[in-house]
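K.L.:
Structure provided below as structure tokens; questions to follow.
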Amino acid sequence: MNRGMNNPWSIVAVSALVYGTLAVATGIIPGITLSASKPTPGLRPLNAQEARGRNVYVSEGCAYCHSQVVRPLQQDLVFGRPSVAGDYAYSTPELLSDHRNGPDLTNIGNRQPSAAWQYIHLWDPRALVSQSIMPRYTWLFKVQPHAAPADVVIAVPPGFGPPGGVVIATRQAQDLVAYLEALKQVPLKAQR
């Protein structure tokens, strides 16, 4: 009879070794590989506003429901071309996600380039997509009786806006929408 596996410290050590190996194989090595990739030709780094928007995207947990990787599968082609390592040269750490509750956002800047659409969708997703399960992000907006000249006013559809006020995008909302609009795949040159 093997008494080694009856020792709890042996089980902990073996578990830690297995966990460590899997963490390196699935988290660290792919991250190093993607970080060392040359940018896809035509890809540009995020500007300051887009980088702040990426931070809002992360802090609001958007990556929990939206992936940013188009797989080479027929059902993913609606989101854009299959992703390549160079697409993530300026996005470290990568926001790939492991599942989708909502659509992939890799190419949302090309698929849905309207800032007005993005703002309304953040205010109340069901104003645009009646079956959406996305939560409302109303804290990214202010409701005021009147807008100031420099305010970004959101034209919320009737029935979805606040009574007796206008919806104003905060700086966080503006940054997040700038980030979403920056998510655009660059075309790949044909292989020779």
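K.L.:
What residues qualify as long-range amide H neighbours of residue 141, i.e. H under 5 Å apart, gap of 5 or more or another chain, H built at 1.01 Å from N?
P.N.:
Those lying under 5 Å, H to H, from residue 141 are 170.
K.L.:
Cα centroids of region 9-33 and region 88-156: how far apart, whole angstrom?
P.N.:
For region 9-33 versus region 88-156, the Cα centre distance is 36 Å.
K.L.:
Let me ask something else. Can you work out the base-10 log of I(q)/I(0) for region 68-167 at q = 0.11, 0.21, 0.24 1/Å, using the Debye formula on its C-alpha atoms alone?
P.N.:
-0.46, -1.11, -1.29
K.L.:
Multiply the residue gap between residue 144 and residue 59 by 0.36 nm, knock off their C-alpha separation, and tell me the result in nm, one decimal place.
P.N.:
Gain on extension, residue 144 to residue 59, equals 28.1 nm.
K.L.:
According to the square roots a ≥ b ≥ c of the eigenvalues of the Cα gyration tensor, what is the shape class of region 22-115, taking rounded for a/c under 1.5, prolate for a/b larger than b/c otherwise, and oblate for the remainder?
P.N.:
The shape class here is rounded.
K.L.:
Rounding to the nearest 20 debye, state how big the charge dipole of the chain is about its Cα centre with +1 on each Lys and Arg Cβ and -1 on each Asp and Glu Cβ.
P.N.:
360
K.L.:
Let me ask you something else. Along the Cα→Cβ direction, 7 angstrom out, place labels at residue 117 and residue 130. What is the inter-label distance in nm?
P.N.:
1.9
K.L.:
Under 12 Å Cα to Cα from residue 38, which aspartates and glutamates show up? Leave out anything in the same chain fewer than 8 places away.
P.N.:
Within the straight-line cut-off, residue 38 pairs with 87.
K.L.:
Kindly provide the helix-only [θ] at 222 nm of the chain, computed as the sum of -39,500 (n - 2.57) over DSSP H runs of four or more divided by all residues, to the nearest 500 deg cm²/dmol?
P.N.:
-9000 deg cm²/dmol
None of the figures in this text is laboratory data; all of them are computed from the coordinates on show. For clarity, every value in this text was computed on a predicted model and none was experimentally measured. Here the Cβ is made from the backbone with ideal geometry for all residues, glycine too, and neighbour counts use every protein chain on show.
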